Structures are given as structure tokens and as C-alpha cells.
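All remarks here apply to the structure that follows.
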């Protein structure tokens, strides 16, 4: 039984049982032996239903038990129509202040309020003031006929409660309670004042209150462009905890993450069309024609070049709600545009990666050509008398050039390869670099530790770029000296390359590693690509000195682990 009570979709049935118990107490009011147990049953079922706690754990708590005993004892000891009338007013406020999401739950809510008003006005108020009701029990028959409402609720399944918990509108609860009290008191006062029978006075009070509300609403509309009801409706929709707020959360919640722009726009429009006060949502423009829901005469447009939206409402939304509809539509448009920009940025990132890969490989090929040109020039200048030395130079250089060319081709075939992380023995790499520049144009200093390793591609690329740039400076200024230092150990590895030529202009030095620079000999992206590759491998490439006679670059970082 407790497990059945704890299930939220049985809430309407539980409330229907409580109202049926109340109905029995009203119908058998003349028999205290039946009325008191039925009222106690009604109150106990209301305690199980009411939204301040749910579930058997709270039901069996210490405070809940004391409250149940205290109120139950008061009903048994002080059973009176006045106490019952006060309880019905409290119950009307309790049910009227409960905020619901589903339309079915809202219909149930108003049906229950209607039944409680009938019970208060026709079943409790006449015996409370001891009115002699004429007409052969017309009000009693009316109360008996109201049993259809709780009996019908036994077959209604309640909707799921919102994830954030059930919310309670205290202002609406107070308003509905005061309205019920006004109707009851007005009918009683009119009966005493004019001597009119209570059923007639009740109908007259209902007509008077309704006419008064319509008159105030008409006067309000004469002073303003919209009715009082419309403004109250707008304020109600914009209260925290309403479906309006839940929809705002759904726009950027977990359900909207990971969706492509087209799917996100469809979900946003579909969710917006499901709001109670929205009849349909239409999108036009570059996104194509999409209509969720139905079209009505009340239109609110939100203009946008990419995704113009048109919102159709059940009634005229008024100025306040119209502004919020436009803001909501603008939010949908901005989130849709952000997803479009995200896709565009991903595409640009892919294109940029392809461009940078191509630029880096083109620069590697250029360095290979420069090495081949230097090798060809050395062979041509050797002459017949030094032909043996030229052959030995070619034998030393060609395997390395072939290896680098093969690595470049592998990058073209498989750009996502791991060749950039390939390590090489530092001493072997240092000896190979000295062999490639064995013509005496470069001075080499330092001896790497035994067993130390360096990332081969990074050190090859940086060393060749810096040495070729320095050799170009040496060709225009023959007195320029070029020096290279290598310091490689088990923890860190660093490579310094410097020359004694003129320093770089400050404008070039500031942007040397940030992008392409003007170059009369190449693409101007060599050192930029070197800096990106160094950053990718956890190294830093910087200008250590840029003074006249001392231009020096430093490549340093944590030594990579030895390959298995």
C-alpha cells in the first residue's frame, strides 16, 4: 500500500479518494457516527497526498506523526461546520497554489477547485449559518451531483513531477482562497440583508463578483492598451518555476549538447511549440521552412538574417510577453548561430591543419633541396684531385637525405603519423649534423651525454633552418662566424645556434615565431613551423640574444623518453 502511495502517477487517484471521503461526510452530515470517521479518513488521505512531503519515509517521521495526531484530535473533539469550512478554505489554497506543467494536471487542478467551491458554498455554508434551504433540498442534490468530479479522477493518471521538485505559488493560493471566502461571505451577508433565500443569494453573489471583475477589466482597458487579465497572465507566465523557465533551461541543458545546428533548431522549435500558451512556431529563411504546431491570428515575429522565427500564440500576448517571446526567439537564434560558427570553426581548423602541414612539408623539401645544392656545390668545387673526398662526402650525406625524404613522403601519405615523436641517440644525431656541415662553415661545441636522446625531426628541422639562415648571412658577409652548441642529458636537452652577424630588426624579431614573415629566399614560415612543432613536443624555441655580433637562438625542453 505504501509503495502504491509513493508513486507520483497515483496522486490524482489519492486526492480523489480524499474528496470521496469528504463527499460522504457531507452527504451523511446528520449522522455523527459516519461523519467523523469519514472526515478523519479524508484528512489522513490529504496528508498522504499533499505536496509538502511525499513517500512513506516522511510519512512515518516523528514530526509527521505528531501533526497527524494533533489535527485529528482537533477534528474529533471540536467537530463543527466552522472548522470544516476553514479546512476547505485551506485545502482550496493548497490545491490552487500547486504549479503544474501538463495540461491534464492543470485540468484536474481546476476541477478539484470547482468541487471544493461547491462543497464550501453549497454543502458547508448553509448548515454553518443554519439557513432554511427551500426547494426540496436543491443544494443537497447539487452537492450529491458533484460526486461525479472525484469519481472521475479515479481514472486519471498524474503526470511526472518536474525534476527540480514541485513548486508552490503562494500568491495564487492566497488569491483563490480570498475569492472563495468572498463568495461565501457575500452570499451570507446578502441573505441576511435582503432576506433572499440562500441559493438565490449565492447565484446573485456569483453574478455580482463576475460582473465586478469584468467591469474593472473594462475600465483598465480603457486606460491602457491591454486588459488587466492579460497583464496578470503575462506575469504568471514569467514567474520562476513555470514551464517558461523550464524551457529556458532546456535550451542549454544536457539534452541540447552535442546536437548539430539543424537538429538543435528542430528540438528548440518543437519544445517551444509544446508550451501551453504557444500554438505554433515557424522558421523561415536560409534554414528552410519549418512549422511546429498550428498557425493562429496572434503573431510575434523575431527577425534574423539566418533563422527568422514566427511565434503563434493562443491569445494576444500583450507587450510584456511579446518582448519576452522575442528575447526567447533571439536566444534560440543566437544558440543556433553559435553552433553554425562552431561547425565553421571546425572546418577552418581542419583547413588550417592541412595548410600548415603542407607548408611544413614544403619547407622540409626546400631544406632538402638546399642540402642537395650544397652537396652538389661541394662536389663541383672539389675537382679531380679531391674526387675521393667528394665521393666520401656524398656517401655520408645521401643516406641522411634519403631518410629525410622518405620521412617527408610518409607525412604526405599519413599526416596523423607519429614521426614527430621519434627519438634518436643524441651523440649519433650530433655527429650526423657535423658531417653534413663538414666544410668548416660551422663551429660545433659540446658533447652529449651517453645514452641521451633527442626528438630527431624537431632537432633536424630547427638546426637546418637556423644554420641555413646563418649561412645565407655568411655568404653576404664573409667574416660572419657560425657556432652551434648541444647539451643533452637524461633530464633536459638544449640546442643553441648563433652567429656574429647583424641582428634582426625588432619588427621581425617580435613576430618571428607568431606567423609568416617577409622573406626574399623562401616562404617566410620556416621558424614559425619550427616553433609550432617545438610547442607540440614540449620544447621552447626562442631568441636568446639579438645584439650586434651575437645573434643566438635557443631550443630547450625536457628530454624525451628512450624509445623501446
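What follows is calculated from the coordinates using simple rules that are stated; it is not laboratory data. Keep in mind that this is a model prediction, so the values were computed, not measured. Positions of Cβ are generated from backbone atoms using ideal geometry, with glycine treated the same way; all protein chains shown enter the neighbour counts.
Observations on the model:
- Model label points for residue 207 and residue 179, set 7 angstrom from Cα along the Cα-to-Cβ axis, are 2.0 nm apart.
- Spin-label pair residue 44-residue 194: with each label point 7 Å from Cα along the Cα-Cβ axis, the two points sit 4.5 nm from one another.
- Protection proxy ranking of 207-215, 310-318, 292-300 - average other beta-carbon atoms within 10 Å, highest first: 310-318, 292-300, 207-215
- Order of 428, 547 under a 10 Å beta carbon neighbour criterion, fewest first: 547, 428
- Panel order for 131, 539, by other beta carbons found within 10 Å of each beta carbon, from fewest to most: 131, 539.
- Residue 276-residue 365 FRET efficiency (beta carbon distance; Förster radius 56 Å; 0.05 resolution): 0.25
- Residues 170, 528 arranged by fewest to most Cβ contacts within 10 Å: 170, 528
- Length gained when the stretch residue 259-residue 31 is fully extended (0.36 nm per residue, less Cα-Cα span): 75.6 nm
- Relative contact order %, the stretch 444-500, counting alpha carbon pairs below 8 Å whose residues are six or more apart: 45
- Peptides 38-49, 471-482, 429-440 ranked from most to least packed give 38-49, 429-440, 471-482, packing being the mean of other C-beta atoms within 10 angstrom over each peptide's residues.
- Estimated distance in nm for a label pair at residue 306 and residue 341, the labels positioned 7 Å out from Cα along Cα-to-Cβ: 0.8
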